[in-house]
Structure formats: C-alpha cells, structure tokens
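The values are calculated or read from the model by the stated rules, or taken from the named source; none is laboratory data. Please read these numbers as outputs of a predicted model, since none were measured by experiment. Glycine also receives a Cβ, built like all others from the backbone with ideal geometry; neighbour counts cover every protein chain displayed. Side chains included, ligands, DNA and RNA excluded: accessible areas come from the protein's heavy atoms. Shrake-Rupley method; radii C 1.70, N 1.55, O 1.52, S 1.80 Å.
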Amino acid sequence: MDMHTVVVGTSGTTAEDVVAVARHGARVELSTAAVEALAAARLIVDALAAKPEPVYGVSTGFGALASRHISPELRAQLQRNIVRSHAAGMGPRVEREVVRALMFLRLKTVASGHTGVRPEVAQTMADLLNAGITPVVHEYGSLGCSGDLAPLSHCALTLMGEGDAEGPDGTVRPAGELLAAHGITPVELREKEGLALLNGTDGMLGMLVMALADLKNLYTSADITAALSLEALLGTDKVLAPELHAIRPHPGQGVSADNMLRVLAGSGLTGHHQDDAPRVQDAYSVRCAPQVNGAGRDTLDYAAVVAGRELASSVDNPVVLPDGRVESNGNFHGAPVAYVLDFLAIVAADLGSICERRTDRLLDKNRSHGLPPFLADDAGVDSGLMIAQYTQAALVSEMKRLAVPASADSIPSSAMQEDHVSMGWSAARKLRTAVDNLARIVAVELYAATRAVEIRAAQGLTPAPASQAAVDALRAAGAEGPGPDRFLAPDLAAADTFVREGRLVAAVEPVTGPLA
C-alpha cells in the first residue's frame, strides 16, 4: 500500500489523486473544510425534510415515481430501498481499481457540500477505501444517466453492510463481516443520502482518468516504435524536420515528430532510401507517423480537458446550493464524458492500425528493403514472426469493432422519464479493452522492429544510440533477439509487460532526454 495520503476538499480533485487512490492504495482523508461543508448542507436538508411541502429526493420518490410524497416514518426505508433495488448489476466483476476510483470520485462529490450527505457517511466512505474493502460491482447495469446508477448502488450497499465485497486479501465475503472485521459501523441512511450516493458519472470518469494515464505512456511508446521501424526500413528522417511540422501547427504532430527525431539521433540506418532500391518517399505508415500519432495526442489533450472539468464538478440531483435551495438538475448526464471515451477508442484503434502496417512491412521481403522474409533466421525452415503479425492483426480488428461509438446509442428507461441516456459506462468499458489491446499491438511492433534493427546491425549498419538502448533493455526483460524459431508467446508477453509498464520509454530517455 502506498502511504501517500490524498486529502479530499470541497473543490474537486486531480487525475493524479484518482490514480494514486485507485491503483496505488493511497489513503484518503477529509479536510476540515469538507467536514464543515457537509454539516452545513445537511442542516439545509434536515430543515427541508421537516417541511410539509415535498422536495425531490428528500421527501419524494425517485425518477418516474417522483410524484409520490413520502411520509417521515418511511423515508429511511425509502433510502435503503433505492440502494437495494438499484444494486441490480449483472455479469463479470469490474476490476478493483475501477471500483476504487468510483468510490473515491463519489466521495469527492459528497465532500463538496452540494449533496446534503452527513459527515459521518462521508467518513465511512473514506474508511472503506483505507481498509481496502472493495464492493463487488458488475459489468452491466449503467446507462450513463442518471450517472452510473447500478455500479454506485453496489458500492452504497457495502456502506450499509449488505451485499458482497472483496477484502484487502482478495477474498470476497459478505460486506457486513468485512466491515465488522475492520471496526467500521454500517451507515443508516437518512433523507436524500441514498440518492446522493448513486447519482454520478464517477465510474465512467474514473475509467477515463486511468485510460488517459495509460494512453500517455502508449503514445510515447508508439513514437519510439515508429522511429525504430523507420530506422529498420532504412527510411529517411528528413520528414521529421521541425520546419515541416511548423507549417501545419497541430501541437501533437510536432511533439511526435520531435520524439521520433530524438530517438533516431546518430543513426547509421536512416537516409539509405536512395541506395540499392531507391525510393522517392517512404510509405505512409512510416512517413505519416507523426501526423497520426499527433492527432491522437491532440485528442488525448481534449479528453484531459473534459476530465479536468468533471473532476472539478459536483454531480448530483438534486443539489444543495449555497443560498439554501435544493434544486433538480441534469448534471448527472454522462454525455461530455461518454463522447471523449468514444473519441479515445477511435484514435487508439487508428494508432494500433498504423503500428500493424509497419510491422507487416518489416516482415514482407518485397517491401522491407533487404530484410529476410518474416525476419526469419532460415526462411522456409523458420517462420520467424509471421504469426506474431497475425496476432497483431487480430487485435487491430478487435480495436476497430471497439471504436464503434457507444454514445451514439440511447435506450429510454424509467418509464420514459430517462428518455435519452449517454451509454458512457459502456464507452468506458470498451475503451479499457481497447487500451489493453493497444499495449499488445505496440509491443508486437517493438518486438519486430528491434529484431529488424539487430539484423541491420549484423549487416554492418549502426543503429541510433537510443535504439540500441531500447534493444538492450527489451532483451534484458526476457524478449530474445534474432535466431531460429522458438516458442514465441513468452517473448511477446515480455514485450507487452515491458511496454505497458513504461519501461520502453524509461530505457530510451537516458539517451534522448525526457520525451513528451
């Protein structure tokens, strides 16, 4: 467990704090200002609850049942019932880091003082995170409006000491047993609290934040593999000149070109495109790598802006305003987050596609400019990396299916009260798969390109110092170099781990300096 502590205040949180809590077990504390804001908002809710006039979420039913006024003696039951009935997820369990992000982000909104939840409920949420208790949340159940209802309900159920949860040892047990074992008292929900625990975009936002962290590493890694492939194909690095990218000033394009140019500095392989088989220009997958990688980078930047706005938001319905009003709103709608989740799946698919095209070129003796067929040791006897490209192509095909937007769909629910939904949770779930697959795709290109660079070195051509550093680090990580055919899956798995853990970037940066 990371001993770093994240303090939750009234004004949102950062992407770095989300990752720290979700992935690295950082502890969570409520600030004094947050506790005071929680108490102040609760006084407003209690005052409204005492009035005879119905107030949505405080003294009424929910959704299509909002027209019923609920008498005081039934309100605690109402709050319990909404949690129990909405905890209706199905399918496989969602990953622990996603659930922790979901819980932390709901706590972030609760701590804003706009939800009317009592301080002791917020403290119990923090206690669950700090104890390493993770509610069992299922794959299916959220339409992304009113937020991630079913996933958040499963988390609220654990707060009540009901349902199932995973303990810090990874064992799933009844939530009541886990809370008792850690000295945590289950909460007894009061007016508005059940609703406030369910009504947010926290699941889709948490997955967006973690995808952005992963994609930042993968885009830098893909700049490196693109440079290695250009080098192995004896391409020209003149297309990476900054003055060429300055006249089309998309920021990401310039960044990717600069990354590639720094990786290729000092290479003895570039500039041979006019030798034995002269080329006027390199193929698009080589020459246009900065344009494709860069457009994806710009999309990541936009998605990060949306994530930052959402991290600063208080998403609930109704909300408690500073002037004492409790007002209904539509801020729980997941459209802003859903769109960028889909945008990221599109650019991830295209990045995977261009990586695969370079890999295929490295393996084709008719287009690789002197490399052996399939980078095999003894072609015909050996198949080399033929089927590694098949695997990569299968992953790319899956990526293209995952790029179909979820947010373009909407299925009305709640007796047509919720008649236009975002499907943001679905967009986030498929993006997680896409990011996972992209790491594998980049890893296959890395494996092929490093083998090709080593073959060029055996032909008497000296790779760039940064390229050699990448080759050496990958070999030390267990992915072997050229030679007769062998069991290939372990090598590809080693390359995959090497890429997704950021070790490719770490291997070249001592030579290139920090890459963007």
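Close contacts from the stretch 18-47, counting a first residue that is closer than 25 Å to residue 320 by Cβ and a second that is among the acidic types (Asp, Glu) and crowded, with 22+ Cβ neighbours inside 10 Å, with Cβ to Cβ under 8 Å and a gap of 6+ residues or different chains, come to 45/191; 46/191.
Residue pairs whose Cβ atoms lie under 6 Å apart, separated by 6 or more positions or on different chains, with the first residue in the stretch 464-475 and closer than 17 Å to residue 501 by Cβ and the second buried (at least 24 other Cβ atoms within 10 Å of the Cβ), are 469/508; 470/508; 474/450; 474/498. The residue list 52, 119, 72 contains one member that is at pLDDT 95 or above, more than 29 Å from the chain's Cα centre (by Cα) and of a type outside the set (Asp, Glu), which is 119.
Of all residue pairs spaced 6 or more apart or on separate chains, those with beta-carbon atoms under 7 Å, a first member in the stretch 97-111 that is farther than 17 Å from residue 23 by Cα and a second member that is in a helix (DSSP H, G or I) are 110/122; 110/125; 110/196; 111/34; 111/38; 111/122. In the stretch 366-422, the residue that is most open to solvent (accessible area, probe 1.4 Å) out of those that are among the hydroxyl-bearing types (Ser, Thr, Tyr) and not in a loop (DSSP other than H, G, I, E, B) is 390. Number of residues in the stretch 49-61 that are out of contact with any Gly (no Cβ under 9 Å at 6 or more places or on another chain) and touching a residue at least 40 places away in the same chain (Cβ under 8 Å) equals 4. A count restricted to the stretch 195-211 and to residues that are assigned to a helix (DSSP H, G or I) and β-branched (Val, Ile, Thr) stands at 1. Being surrounded by fewer than 17 Cβ atoms within 10 Å (Cβ to Cβ) and either in contact with a Ser or Thr (Cβ under 8 Å, 6 or more places away or on another chain) or among the β-branched types (Val, Ile, Thr) (or both) is a property that holds for residue 67.
Of 319, 286, which residue is in contact (Cβ under 8 Å) with a residue 24 or more places away in the chain and in contact with a strand residue (DSSP E or B) (Cβ under 7 Å, 6 or more places away or on another chain)? Exactly one of 319, 286 is in contact (Cβ under 8 Å) with a residue 24 or more places away in the chain and in contact with a strand residue (DSSP E or B) (Cβ under 7 Å, 6 or more places away or on another chain), namely 319. Here the stretch 1-46 is the region considered, the condition is being among the charged types (D, E, K, R), out of contact with any strand residue (DSSP E or B) (no Cβ under 8 Å at 6 or more places or on another chain) and closer than 20 Å to residue 205 by Cβ, and the residue that is least open to solvent (accessible area, probe 1.4 Å) is 23.
Output yes when any residue across the stretch 101-119 is under 20 Å from residue 198 (Cα atoms) and exposed (fewer than 15 other Cβ atoms within 10 Å of the Cβ), and no when none is. No, the conditions are met nowhere in the stretch 101-119.
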